[in-house]
Amino acid sequence: MLTAKNFATAFATFILSLGLLSISPAVRATSTADTIDVGDSTTAAGINWTYDYDSVTGFGEFTITGDVTITGSTTTNQILVAPGTVANITLSNASVDLQNTPVVGLSGLSAFYIDSYGGGAVVNLTIDGANKLTSSAYSGIQVLEGSALTINGTDADVLTVIGGSAGIGGSGSMGDVTINGGTISATGGAYGAGIGGGCFSAWGGAGPLVPFYATIAITGGHVTATGGQEGAGIGGKDCVVKISGGAVDAYGGQYGAGIGGDGRAGDLTAAGLGSAGGTIIITGGTVNATGGKYGAGIGGGGGGGTMGSSGNGGIGGAGGDISISGNAQVTATAGESAAGIGGGAGTGASANLVSSRGGVGGAGGNIIISDSAVVSASGNGLGAGIGGGGGTPGNTPFSIGATGGAAGNILIYGESTQVTAKKGSSTLAKDIGAGAGNSAMGSTGNVFVALTAANLTLSLPPATMANSVLFTADPASVAGIVKATLPAPFNAAPFGAGTIDLLTGLDTTGKPMSVITTFTTQATSFSLAGFSNSPITKTGTALMQSGASVNFLAGADIVIDLAEITLAAPALGAAPDTLAAAIGDFTVSIVTWTPADPAFRFGTYTASVTLTPNSGHTFAGGLTIANINGKSATVTDNGNGTVTLSYQFVLKQTNTTIPALNPAMLALLALALMMAAGAMTRMRWRV
């Protein structure tokens, strides 16, 4: 007979079998503590937290709504920070190991899940002792877009995070992550970054959707980040990575950059496209970044060719916007055929087809290295040390050629900046510049390197450096600063306002610097094999004679501001000389004399010469110094691009005059005359 009690029991059993009712296996108590023991599946709640157990899946979930301390060990319970929560959370010798968790159920089955649906959560996480978080298919610490995580600790405090996708970050899009201290090890799983994920999303929380770019910031601690297959060590698609301190070791997975973009292998029908490095700003700390098999050390991820009948090559990711400055100590090592700093590699199709195509290396992107940074960048194979990634041929002797990545825009300067740049093994790749392919080099790009010879190390052989330029200080400048005004793209973000201090505190003896330059729209002033069209300009008869500034005017004529003309000055009775001499970026006409006498007489003569600027130069803007024989000349603009300099010489007639005699001299003269007269009288007397 089915009584009411038996019916209720049967109905409850039926509901449990469907997984629709969640109860604990025992009656659960309520705690008055704000400490969570993650191994406790019997306590229902405490201060700022609750617990729920799912008897169907066999896994539980601690939901945090405020400040708590987490301790203990579990293989069945997840930590969830509720949406909208702002909390200080301490991990104290805690272990959450969900590596064997099924993919379904709960909130993604991440060991530590920071939610944002309905409003982003903000977590200030302090680590105490040795802690470990392990997830299966999701991130070890999942930070959803719109949420933020900050990690603090001492070097003695350890946090080990292992994710099924990212170690710390997002399985897809992610929120902000900041690490201020602690010994942190983060390892990504399949396709996941060590720290990172998809950094761009359209997120609005409870409001309208807005573009959101996640930031990964490291200010201290010792951080080791290792990407899984195709994942970056630190970064991912569209990430902003900022490192200002601490010790950072970053290792990309296959196709992933050490720091920067993730990569993609090709499949049977489509080639892979590596992600760009995003925005990477390193202003301090010690950083070692090693790319995965085809990823850049710092910069773009690699792209793999197809494995099937399409025969298309992969495309490496561009370097992105990379800035290294301050006192940063950076070592960047490329994966196969990628750049040390810059583009990832593009690999050829692997199918054995006649139409198999080679890969295309990623461009270097926008790269700036300055201040007191010490940087070593090593490319691999077809990749540049700093610049473009390489493009490898397909897996067949009939492969259509591969193409190297463009150099990008590279600016390296600073009195204390030290750079070692070494290309891969290919003779075609550049230490600083384009990557190589077996079919075509990448384009040269815009490259400006101004370092003292002692602070720039390139491959040997060759160690060819030209454009050794002596920069001197402006005598009128107390600080002795040599500035450079840069053209596009260096006059805008991420490079700044376009004016940089090349050198400071110089005296008039100057300092020699080895300069590599290339601006493809600039008329040549100096040349270096592979780096023609220097933007370094002459001012006057010698480079930097005034020492005031160096002008980089890509695509515009160089203004001539100094003209020193020498010619034979007029001499009485001499025939006029019509030859003039000058040193500068212009030609000088013959000298015309007014009046045009065959020989100089006493009077006034005006010498005039016409100056025609060389190609790529102009007098527009005016000559600030224009001299003939060291004297200021009159300048006339002829309206056709030429100018005429003139100077007036004067030949004066000189007269011989008798000097005036003073009284003493007159007395002596009178005495002499009297004596002469007496002598004449005595001579007549004798006669």
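Residue check: T504 meets all listed conditions (1) of a type in the set (S, T, N, Q); (2) in contact with a strand residue (DSSP E or B) (Cβ under 7 Å, 6 or more places away or on another chain); (3) at pLDDT 70 or above; (4) surrounded by fewer than 14 Cβ atoms within 10 Å (Cβ to Cβ) but one, namely (2).
For segment 338-374, a tally of residues being crowded, with 24+ Cβ neighbours inside 10 Å and within 18 Å of the chain's Cα centre (by Cα) returns 15.
Is at least one residue of segment 257-277 open to solvent by 50 Å² or more (accessible area, probe 1.4 Å), in contact (Cβ under 8 Å) with a residue 12 or more places away in the chain and closer than 18 Å to P494 by Cβ? Within segment 257-277 (the criterion being open to solvent by 50 Å² or more (accessible area, probe 1.4 Å), in contact (Cβ under 8 Å) with a residue 12 or more places away in the chain and closer than 18 Å to P494 by Cβ), the answer is no, since none of the residues qualifies.
Would segment 389-397 turn up any residue that is in a loop (DSSP other than H, G, I, E, B) and at pLDDT 95 or above? Steps first, please.
First, pick out the residues of segment 389-397 that are in a loop (DSSP other than H, G, I, E, B): 389-390, 392-397.
Retained after the next criterion (residues that are at pLDDT 95 or above): 389-390.
Scanning segment 389-397, I find at least one residue that is in a loop (DSSP other than H, G, I, E, B) and at pLDDT 95 or above, so the answer is yes.
Each row is one residue, and each column tells you yes or no for (1) β-branched (V, I, T); (2) crowded, with 24+ Cβ neighbours inside 10 Å; (3) over 18 Å from G335 (Cβ atoms).
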residue	(1), (2), (3)
G424	no, yes, no
I432	yes, yes, yes
S439	no, no, yes
L451	no, no, yes
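The C-beta contact set for segment 44-70 (first residue closer than 22 Å to S92 by Cβ and open to solvent by 50 Å² or more (accessible area, probe 1.4 Å), second residue hydrophobic (A, V, I, L, M, F, W, C) and in a strand (DSSP E or B), distance under 6 angstrom, 6+ apart or interchain) comprises N48/V68; D67/A87.
The sole residue among F490, F495, F526 that is open to solvent by 50 Å² or more (accessible area, probe 1.4 Å), in contact with a strand residue (DSSP E or B) (Cβ under 8 Å, 6 or more places away or on another chain) and either in a loop (DSSP other than H, G, I, E, B) or at pLDDT below 60 (or both) is F526. Taken over segment 577-592, the criterion of being within 18 Å of F649 (Cβ to Cβ) and either more than 59 Å from the chain's Cα centre (by Cα) or not small (G, A, S) (or both) is satisfied by D577, T578, L579, V588, I590, V591, T592.
Give me a count of the residues in segment 253-290 that are over 11 Å from G362 (Cβ atoms) and either among the small types (G, A, S) or not in a loop (DSSP other than H, G, I, E, B) (or both).
Start the filter on segment 253-290 by keeping residues that are over 11 Å from G362 (Cβ atoms), which leaves 253-256, 258-259, 262, 264-272, 278-290.
Remaining after also requiring either among the small types (G, A, S) or not in a loop (DSSP other than H, G, I, E, B) (or both): 253, 256, 258-259, 264-266, 270-272, 278-282, 284-290.
Qualifying residue count, segment 253-290: 22.
Among all positions in segment 57-76, there is at least one residue which is farther than 22 Å from V123 by Cα and modelled with pLDDT under 85. Of the residues making up segment 398-419, those that are assigned to a loop (DSSP other than H, G, I, E, B), closer than 20 Å to V330 by Cβ and open to solvent by less than 10 Å² (accessible area, probe 1.4 Å) are A407, G414, T417.
Can you confirm whether segment 309-320 contains a residue that is open to solvent by less than 20 Å² (accessible area, probe 1.4 Å) and hydroxyl-bearing (S, T, Y)?
Initial filter on segment 309-320 (open to solvent by less than 20 Å² (accessible area, probe 1.4 Å)): 311, 313-314, 316-317, 319-320.
Filter again for hydroxyl-bearing (S, T, Y), leaving none.
No; the residues of segment 309-320 include none that is open to solvent by less than 20 Å² (accessible area, probe 1.4 Å) and hydroxyl-bearing (S, T, Y).
The set of residues in segment 328-360 that are modelled with pLDDT of 95 or more and in a loop (DSSP other than H, G, I, E, B) comprises A328, A334, G335, E336, S337, A338, A339, G340, G343, G344, A345. Determine whether V449 is outside any loop (DSSP other than H, G, I, E, B) and at pLDDT 80 or above. For V449, the condition - outside any loop (DSSP other than H, G, I, E, B) and at pLDDT 80 or above - is met.
Only one of the listed residues (A407, A421) is within 16 Å of D321 (Cβ to Cβ) and at pLDDT 90 or above. That residue is A407.
Scanning segment 366-388 for residues that are in a strand (DSSP E or B), hydroxyl-bearing (S, T, Y) and at pLDDT 95 or above turns up at least one hit.
So, of the residues in segment 135-147 that are surrounded by 24 or more Cβ atoms within 10 Å (Cβ to Cβ) and touching a Leu at 6+ places or on another chain (Cβ under 7 Å), which turns out to be farthest from V68 (Cα to Cα)? So, considering only residues that are surrounded by 24 or more Cβ atoms within 10 Å (Cβ to Cβ) and touching a Leu at 6+ places or on another chain (Cβ under 7 Å), the one farthest from V68 (Cα to Cα) is Y138.
Out of all the residues in segment 25-40, which are surrounded by fewer than 19 Cβ atoms within 10 Å (Cβ to Cβ) and in contact with a strand residue (DSSP E or B) (Cβ under 6 Å, 6 or more places away or on another chain)? Hits for segment 25-40 are R28, A29, T30, S31, A33, D34, T35, G39. Within segment 162-185, can you find the residues that are assigned to a strand (DSSP E or B), within 21 Å of G120 (Cβ to Cβ) and of a type in the set (A, V, I, L, M, F, W, C)? Scanning segment 162-185 gives I168, V177, I179. Against the numbered list (1) open to solvent by 10 Å² or more (accessible area, probe 1.4 Å); (2) within 23 Å of G388 (Cβ to Cβ); (3) modelled with pLDDT under 95, T290 comes up short only at (3). Among the residues of segment 156-195, count how many are surrounded by fewer than 24 Cβ atoms within 10 Å (Cβ to Cβ), out of contact with any strand residue (DSSP E or B) (no Cβ under 6 Å at 6 or more places or on another chain) and closer than 21 Å to Y251 by Cβ. Adding up the residues that qualify gives 3.
Scanning for something open to solvent by 40 Å² or more (accessible area, probe 1.4 Å) and under 26 Å from T269 (Cα atoms), does segment 381-395 turn up at least one residue? Checked against the condition, which is being open to solvent by 40 Å² or more (accessible area, probe 1.4 Å) and under 26 Å from T269 (Cα atoms), segment 381-395 yields at least one hit.
Mind checking which residues of segment 593-628 are open to solvent by 70 Å² or more (accessible area, probe 1.4 Å) and either hydroxyl-bearing (S, T, Y) or over 18 Å from Q648 (Cβ atoms) (or both)? Walk me through it before giving the result.
First, the residues of segment 593-628 that are open to solvent by 70 Å² or more (accessible area, probe 1.4 Å): 594, 596, 598, 601-602, 615, 621, 624-625.
Those that are open to solvent by 70 Å² or more (accessible area, probe 1.4 Å) and either hydroxyl-bearing (S, T, Y) or over 18 Å from Q648 (Cβ atoms) (or both): T594, P598, S615, G621, T624, I625.
T150: open to solvent by 20 Å² or more (accessible area, probe 1.4 Å), assigned to a strand (DSSP E or B) and farther than 23 Å from S31 by Cα, yes or no? The answer is yes for T150.
The values are calculated or read from the model by the stated rules, or taken from the named source; none is laboratory data. As the structure is a prediction and not an experimental result, all values here were calculated from the model. Methodologically, a virtual Cβ is constructed for each residue, glycine included, from the backbone with ideal geometry; neighbour enumeration extends over all protein chains shown. Surface areas here come from the heavy atoms of the whole protein model, side chains and all, with no ligands, DNA or RNA. Shrake-Rupley method; radii C 1.70, N 1.55, O 1.52, S 1.80 Å.
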